[in-house]
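Each remark here refers to the structure printed beneath this line.
Each reported figure results from applying straightforward, stated rules to the coordinates on display, with no laboratory input. Fair warning: this is a prediction, and the values are worked out from it, not measured in the lab. Cβ coordinates were reconstructed from backbone atoms using ideal geometry, including for glycine residues, and neighbour counts include every protein chain displayed.
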Amino acid sequence: MLHRQFNPAWFIGTVIVYITFFAVKVNVAIEDKLNPSANRIIGNVPMGVRLFAYGTSYLMFLLLQ
């Protein structure tokens, strides 16, 4: 029989990751390379969404150059 115990380190780590990625809001600047007049700043975006979008956008930018 598998016996599990509550480990506070896992709980605290999970809470820190959740707060970092979803509770912290940032402003995101969207830069349009083809039409610079269409540049926008979007406010109150969760940090996790921003990091995922930045990574995906940067990778595609490098691949398509």
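Brief remarks on what is shown
- Helix 47-64 axis versus longest C-alpha principal axis of the chain: approximately 50°, rounded to the nearest ten.
- Most fluctuating residue given options Asn44, Asn35, Asn27, as computed from a GNM of the chain linking Cα atoms under 10 Å: Asn35
- Gyration tensor (alpha-carbon) shape descriptor, the chain, a/c threshold 1.5: oblate
- A cut-off under 11 angstrom between Cβ atoms defines the neighbours of Asn39, and their net charge, with Lys, Arg +1 and Asp, Glu -1, is 0.
- In order through the range 38-46: 3J(HN,Hα) via Karplus (6.51 cos²θ - 1.76 cosθ + 1.60), integer Hz, x for Gly, Pro: 8, 4, 9, 10, 9, x, 6, 9, x
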